[in-house]
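The values are calculated or read from the model by the stated rules, or taken from the named source; none is laboratory data. Values in this document were obtained by computation on a predicted structure and should not be read as measured data. Here the Cβ is made from the backbone with ideal geometry for all residues, glycine too, and neighbour counts use every protein chain on show. Keep in mind that these areas ignore ligands, DNA and RNA; they rest on the heavy atoms of the full protein, side chains included. Shrake-Rupley method; radii C 1.70, N 1.55, O 1.52, S 1.80 Å.
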Amino acid sequence: MMRALWTAASGMIAQQTNIDSISNNLSNVNTTGYKSEQAEFKSLLYQTLQSKTTSANGDEKPVGLGTRVASITSDFTNGALIANSSNTAFALEGKGFFSVRGEDGQTYYTRNGKFGWAIGTNGTTLCNEAGLPVLDSNGNEIVLPDGVT
């Protein structure tokens, strides 16, 4: 009886993770650059509970021990391109990410191309909405020198 309860409980736990993933996708439906996620499952080990089946060939009868979440994958397919009159709004088609430098100095990646300019001590820097500097393909901040508009 405990095995049956464990099998049922593992299925409910996995389904809760699936519902959490769906609700996260729904809550971020209007977030620029958000990529939806999908839970993927796998079966747990099988055991043989009976030595013979009722079939004529006499095969052993395996019984599953439940399921669990194997992974949660992000969907990186292209989203819809939205027209924007800003000179600093960019979009990616196909594979790729924009690089930004976080406050901790680490490089982070995004597909959100809604950028703007920030005036700093070394010039005008291209930044994302959070004010993090956008990096070029060599990992350097994109900075306009003084006097360039």
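Structure values in brief
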read-out: Apportionment of accessible area to carbon and sulfur, the chain, percent (1.4 Å); value: 54
read-out: As computed over region 69-149, the Cα convex hull volume per residue (Å³); value: 136
read-out: Net charge over other residues, Cβ less than 12 angstrom from the Cβ of residue 32 (K, R count +1; D, E count -1); value: +2
read-out: Unit Cα scatterers, Debye sum, the chain: log10 I(q)/I(0) for q = 0.09 Å⁻¹; value: -0.52
read-out: In region 87-149, the GluC sites (Glu not before Pro) that fall in loop regions by DSSP, at most 10 other Cβ within 10 Å; value: 93, 103
read-out: The chain: calculated mean residue ellipticity at 222 nm from DSSP helix runs of at least 4, using -39500 (n - 2.57); value: -6000 deg cm²/dmol
read-out: Solvent-accessible area per residue for the chain (1.4 angstrom probe, square angstrom); value: 73
read-out: Ordering of 19-27, 119-127 by packing [mean C-beta count within 10 Å, highest first]; value: 119-127, 19-27
read-out: Cβ-based net charge around residue 80, under 14 Å, with every Lys or Arg adding one and every Asp or Glu removing one; value: 0
